[in-house]
Amino acid sequence: MIGRIVEAEAYGRGDPGSHAYRGPTPRNASMFGPAGRAYVYISHGIHHCLNVVCDAPSAVLLRAVEPLEGLEAMALRRGVDEPRLLCAGPGRLAQAMGITLADDGVPIHRRDRLWIAAGEPVRDMAVTLRVGMSDAVNRPWRFVERGTRFASRGVSGPRR
DNA sequence: GGTAAGATTGTCT
DNA sequence: GACAATCTTACCG
């Protein structure tokens with residue numbers, strides 16, 4: 001399964017919105033590990049979310065991907081046909097790609113499991129407020145490719 | 001030891 | 001637009 005990242009969100013050090021804000025726990029341990037690894041957590045006990053660990057303790061949440069290859073496998077896991085709905089959102093993305101807690105802490109350069117590579121730079125990026133948290137901690141750290149049809153709609157839709 | 005809230009999604013109104 | 005599903009962590013007693 002291959003996809004192009006079209007939406008991401010940043011969580012930094014001293015960030016009240018970050019899971020790492022209140023210190024290490026068994027669940028967020030990966031965020032305090034070496035950079036370039038995956039941090040996978042379960043949201044609301046149902047959905048998996050995939051992050052890439054940067055300079056600890058910080059990470060980037062992958063919110064949406066434009067599916068390129070393996071559409072059938074994704075549709076099978078998701079139980080949805082609409083290509084647009086396959087990876088448009090953190091939980092959806094993880095489900096489509098088959099990401100589980102087993103992938104927590106896995107380096108993102110392992111082509112046999114997780115592989116995130118630099119591709120063509122996305123020139124037209126929109127920067128917006130983050131999604132899914134109280135307004136008090138919102139920061140303009142969400143990045144969406146302008147014009148993509150594959151981003152999550154967010155709370156009030158991506159800005160232009 | 002008990003309760004409230006959360007980096008979400010799908011379904012119903 | 002509102003709410004349930006479901007489980008882990010945070011916080012209070």
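Before moving on, here are some points about what is shown:
- Length gained when the stretch A:A117-A:L85 is fully extended (0.36 nm per residue, less Cα-Cα span): 9.2 nm
- Net length gained if the chain between A:A35 and A:R78 were fully extended (0.36 nm per residue, minus Cα distance): 12.5 nm
- Residues whose placed amide H lies under 5 Å from that of A:M125, excluding near-sequence neighbours: A:R146
- For A:E66, the residues 5 or more places off, or on other chains, whose built amide H falls under 5 Å of its own are A:R4, A:I5, A:V6.
- Over region A:2-122: Rg over Rh, Cα atoms, Kirkwood Rh: 0.96
- Each residue of region A:65-73 was assigned a 3J(HN,Hα) from its phi angle through the Karplus expression (A = 6.51, B = -1.76, C = 1.60, θ = phi - 60°), giving 9, 8, x, 10, 10, x, 4, 5, 4 Hz with x at Gly and Pro.
- Options A:G119, A:G23, A:Q95, ranked by Cα towards positive dipole end of chain A, top entry (Cβ charges): A:G23
- Ranked packing of A:80-88, A:107-115, most packed first, by mean Cβ within 10 Å: A:80-88, A:107-115
- Relative contact order of region A:1-105, pairs being alpha-carbon contacts under 8 Å that are 6 or more residues apart, as %: 32
- Judged by the mean number of other Cβ atoms found within 10 Å, the most tightly packed of the peptides A:12-25, A:52-65 leads the ranking A:52-65, A:12-25.
- Dipole axis of chain A (+1 Lys, Arg; -1 Asp, Glu on Cβ), positive-most option in A:L129, A:P34, A:S58: A:L129
- Using θ = phi - 60° and Karplus 6.51 cos²θ - 1.76 cosθ + 1.60, couplings along region A:114-130 (whole Hz; Gly, Pro as x): 10, 8, 10, 10, 7, x, 5, x, 7, 6, 9, 9, 9, 9, 10, 6, 6
- Net charge, A:A38 excluded, C-beta distance under 11 Å - Lys, Arg +1, Asp, Glu -1: +1
- Distance in nm between pseudo-label sites at A:H44 and A:T25 (7 Å out along the Cβ direction from Cα): 1.8
Each value in this text was obtained by applying a stated rule to the coordinates, not by laboratory testing. Source: prediction; values computed, not measured. Cβ coordinates were reconstructed from backbone atoms using ideal geometry, including for glycine residues, and neighbour counts include every protein chain displayed.
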